[in-house]
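Chemist: Right, I'll just put the structure down here and ask away after.
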Amino acid sequence: MAEVKLRNIKKSFDEVEVIHGVDLEIKDQEFVVFVGPSGCGKSTLLRMIAGLEDITAGEIYIGDTYVNDLHPADRGAAMVFQSYALYPHMSVRENIGFGLKLNKVPKAEIQRKVAEAAKILKIEELLDRRPGQLSGGQRQRVAIGRTIVREPSVFLFDEPLSNLDAALRVQMRMELEKLHANLKTTMIYVTHDQVEAMTMADRIFILNDGYVEQVGTPLELYRKPANIFVAGFIGSPKMNFLSVKVLQIEGQQITLQLPGEDQMQLQRENINFQAGDILTLGIRPEHFELEQTKGCSLSATVDIIERLGNETYIYANDASDNLLTVVGDGELDVSNNEKIKIYFTTDHCHLFGRDDQSIQ
Amino acid sequence: MKTRALEFQDSLLSLLAITIVLFFIFPLYWGFSTSLRNPLDTFTVTGIGIPWLNFSPTLNNWVSQLEIVEMRNAVVNSVVVSFSTSLLTLCLGVPAAYALARFRFKKISNKDLTVWFLSQRILPPVATVIPFYLTLQFLNLLDTRTGLILINTTFTLPFAVVIMRQAFVDLPVELEEACLMDGANYFTTFSKIALPLCAPALSATSLIIFAFTWNELLFSLVISSKNAITIPMFISGSFESRGVQFWFLSVRTMIAMSIPILIALLAQRYIVRGLTLGAVKG
């Protein structure tokens with residue numbers, strides 16, 4: 001059980017700085033997800049916490065211990081690797097017990113702990129097999145078992161589900177959530193998959209280019225993205241972005257010119273722009289409606305229709321040839337090249353300034 | 001189902017393979033056959049020298065050769081020198097290879113170090129004969145097995161480093177990282193994870209070093225005069241005043257070849273790829 005604190009962490013590979021001063025605090029027993037696109041530095045950050053990567057500058061604390069100079073094993077962290085990293089020349093039993101054996105734990109104790117972990121993960125009948133004889137999901141369980149027996153104060157997961165097929169991924173996701181509920185330990189989970197982040201995290205840290213873009217609970221990030229990057233990253237399908245021109249500002253009332261003829265009005269408190277500026281308006285596909293509602297509207301022409309059964313994705317071009325995505329219900333009656341009106345309410349509009357930051 | 005054309009192609013390929021194998025095995029067979037013949041039969045034998053059919057075999061050549069003390073000494077010397085060289089090379093070279101594969105050196109880059117190791121093999125051995133002779137003379141190691149072991153090791157070491165470095169580089173690094181996280185130090189990680197998983201490369205490398213040292217002639221010719229004579233040197237001395245005695249020469253060659261072949265057959269089962277399968281996503 002431990003908190004994890006990072007103070008102004010930087011990492012450079014040769015001359016190139018890839019993490020630029022990250023500060024973060026993870027509470028005890030929290031399930032935190034680092035999410036971001038490939039190359040954003042999330043895995044590097046995790047590996048620095050694990051002790052597998054040198055820290056160029058800054059301080060890392062696990063619990064109250066300053067761990068910068070500690071050997072990976074002395075930090076009280078255990079890690080599940082993306083590739084599982086099971087020792088191929090050892091049986092499952094030996095794989096799980098290897099860390100205990102290295103730490104000179106008595107044999108009987110090792111046996112007991114391995115059996116216990118195997119029971120939790122339902123791999124009791126696999127203990128005498130070699131990793132080569134296991135399926136992907138089973139290997140994943142063994143890798144998790146190897147970390148459980150060490151009773152770490154922090155679990156680190158480096159994209160552990162990315163090698164599994166979709167169905168298994170959903171199942172393992174739920175099992176990891178259960179595991180977290182049972183073990184009540186701090187867990188840090190790295191993924192590029194925003195669905196994993198949204199479903200599992202207590203809090204999400206969104207990283208981009210070595211900076212933390214936003215920290216918050218999944219719903220906070222969904223409802224109030226701090227900038228265009230977060231808005232575009234969280235949510236599937238991706239948020240629609242429109243270039244809009246500020247026509248008029250009256251107190252907190254802003255009038256915007258949408259692509260084509262349509263106009264709309266929005267309320268904002270922090271007005272740091274002038275009439276004539278071009279801003280970005282973000283609306284999620286699921287917040288577009290094709291049936292007339294109160295609020296604003298946009299004209300568009302249907303380009304492609306994808307029917308998923310329970311819902312329909314409509315890709316339509318607006319007046320300035322932006323491709324908009326609309327999520328509608330499964331039975332939606334539209335056809336290609338049809339001219340449609342897209343309706344939305346101002347509650348669901350996100351406005352971003354020229355610095356890409358959200359305007360509240 | 002295979003078509004006729006494919007079947008024909010397959011049999012043609014097999015025929016070709018058999019021809020090539022026969023081509024390479026025949027000298028071996030001829031040497032063996034010669035070693036069983038009376039000296040008189042050496043050149044007068046009929047057919048392709050099949051024992052009992054073309055001549056009556058005898059073990060006289062073998063018996064007389066094995067009775068020679070120098071012959072027996074040469075075998076012992078070769079075995080000692082080759083085994084010791086292999087062992088010394090691996091003891092020094094494998095940790096160096098691991099360090100090159102896994103650690104980053106600051107003053108000289110890993111790449112430069114590797115190229116430097118490789119460059120040792122570019123130098124023709126003959127260029128080093130005189131310096132080595134003088135060094136061994138200074139150390140009082142002329143005509144000793146120790147001297148031969150040292151010189152052979154300097155030549156096999158770069159080879160071992162370069163091959164084993166690649167084997168370690170090819171090993172998924174997560175395995176060693178997982179081992180570190182499990183509480184191992186670098187040495188345990190090396191000995192418990194990296195080394196066992198590189199066993200096939202390790203046995204291949206030691207075989208090659210063994211064969212290289214076993215066949216080495218130049219240095220033994222220069223360094224050894226009486227005590228440290230090796231098998232290749234002994235064979236090269238088969239030329240006597242009566243000319244080449246092919247019947248004795250073939251016995252010596254057979255003996256010289258038998259030991260490396262035996263070792264290769266024994267080590268064969270270790271040189272099996274695929275031990276790392278299933279370590280990471282497979």
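Chemist: Near the amide H of residue A:68, under 5 Å away, which other amide H atoms are found, from residues 5 or more places off or on another chain, if H is placed in the peptide plane?
Modeler: Under 5 Å from the amide H of residue A:68 lie the amide H atoms of A:60, each far enough along the sequence or on another chain.
Chemist: Can you say what percent of the DSSP beta bridges in the protein assembly as shown, counting only those with both residues inside, are antiparallel? Round to 5.
Modeler: Of all bridge pairs located within the protein assembly as shown, approximately 75 percent are antiparallel.
Chemist: Which far-off residues, 5 or more places away or on another chain, put their amide H under 5 Å from the one on residue A:157, with H placed in the peptide plane?
Modeler: It is A:80, A:188, A:189, A:190, by chain and number.
Chemist: Taking every residue in A:296-302, how many Cβ atoms of other protein chains lie within 10 Å of its Cβ, on average?
Modeler: Average neighbour count from other chains, rounded to a whole number: 0.
Chemist: Report the chymotrypsin sites (Phe, Trp or Tyr not before Pro) located in segment A:127-204 that are in a DSSP loop and have at most 13 other Cβ atoms inside 10 Å of their Cβ, or state none.
Modeler: Qualifying residues, ordered by number: none.
Chemist: Would you mind computing, in nm to one decimal, how far apart the modelled labels at residue B:83 and residue A:261 are, each placed 7 Å from Cα along Cα→Cβ?
Modeler: 9.8
Chemist: Dipole of the protein assembly as shown (Lys/Arg Cβ +1, Asp/Glu Cβ -1, origin at the Cα centre): which of B:266, B:13, B:196 lies farthest to the positive side?
Modeler: The residue sitting farthest along the positive end of the dipole is B:266.
Chemist: Given an 8 Å cut-off on Cα distances and at least 6 residues of separation, report the relative contact order of chain A as a percent.
Modeler: The value is 15 percent.
Chemist: Report ³J(HN,Hα) in whole Hz for each residue of segment B:157-162, in order, from the Karplus equation J = 6.51 cos²θ - 1.76 cosθ + 1.60 where θ = phi - 60°; Gly and Pro get x.
Modeler: Karplus values, whole Hz, x for Gly and Pro: 4, x, 4, 4, 4, 5.
Chemist: Do any trypsin sites (Lys or Arg not before Pro) in segment A:277-360 lie in a DSSP loop with no more than 14 other beta carbon atoms within 10 Å, and if so, which?
Modeler: Those that pass, being in a loop and sparsely packed, are A:294, A:354.
Chemist: Sticking with this one: Loop only per DSSP, at most 15 neighbouring Cβ atoms within 10 Å: give me the GluC sites (Glu not before Pro) in segment A:250-316, ordered by residue number.
Modeler: A:261, A:269, A:291
Chemist: If amide H atoms are built 1.01 Å from N in the plane of the peptide, which residues on other chains or at least 5 residues away come under 5 Å of the amide H of residue A:240?
Modeler: Here the answer is A:283, A:284, since their amide H atoms fall under 5 Å of that of residue A:240.
Chemist: Is segment B:4-58 rounded, prolate or oblate when judged by the Cα gyration tensor, a ≥ b ≥ c being the square roots of its eigenvalues, rounded requiring a/c under 1.5 and prolate requiring a/b larger than b/c?
Modeler: Prolate, since a/c reaches 1.5 and a/b exceeds b/c.
Chemist: Normalised radius of gyration for the protein assembly as shown, please: alpha carbon Rg relative to 2.2 N^0.38 Å, two decimal places.
Modeler: Computed over Cα atoms of the protein assembly as shown, the ratio equals 1.42.
Chemist: Which of A:22, A:154, A:80 moves the most in a Gaussian network model of chain A with Cα springs under 10 Å?
Modeler: So, out of A:22, A:154, A:80, the one fluctuating most is A:22.
Chemist: Quick check on the exposure proxy: order A:238, A:42, A:113 from fewest to most C-beta atoms within 10 angstrom.
Modeler: A:238, A:113, A:42
Chemist: Then there's this: Can you pull the Kirkwood radius for segment B:66-270, inverse mean 1/r over Cα pairs, to one decimal in Å?
Modeler: After inverting the pairwise mean of 1/r, the radius is 18.8 Å.
Chemist: Just need log10 I(q)/I(0) for segment A:240-352 at q = 0.15, 0.17 Å⁻¹, Debye formula, equal scatterers on the alpha-carbon atoms, no solvent, rounded to two decimals.
Modeler: Taken in order of the listed q values, log10 I(q)/I(0) reads -0.63, -0.78.
Chemist: Counting only C-alpha contacts under 8 Å and six or more residues apart, can you give the relative contact order of segment B:4-58 as a whole percent?
Modeler: So the answer I get is 26 percent.
Chemist: So for B:247, B:52, B:30, B:116, fewest C-beta neighbours within 10 Å to most, what's the order?
Modeler: The order, fewest Cβ neighbours first, is B:52, B:116, B:30, B:247.
Chemist: Using the Cα gyration tensor of segment A:282-327, with a ≥ b ≥ c the square roots of its eigenvalues, what is the shape: rounded (a/c below 1.5), prolate (a/b larger than b/c) or oblate (neither)?
Modeler: The shape class here is oblate.
The numbers here are math on the coordinates, done by the rules we state, and not lab data. Worth saying up front: this structure is predicted, and the values here are computed from it rather than measured. Positions of Cβ are generated from backbone atoms using ideal geometry, with glycine treated the same way; all protein chains shown enter the neighbour counts.
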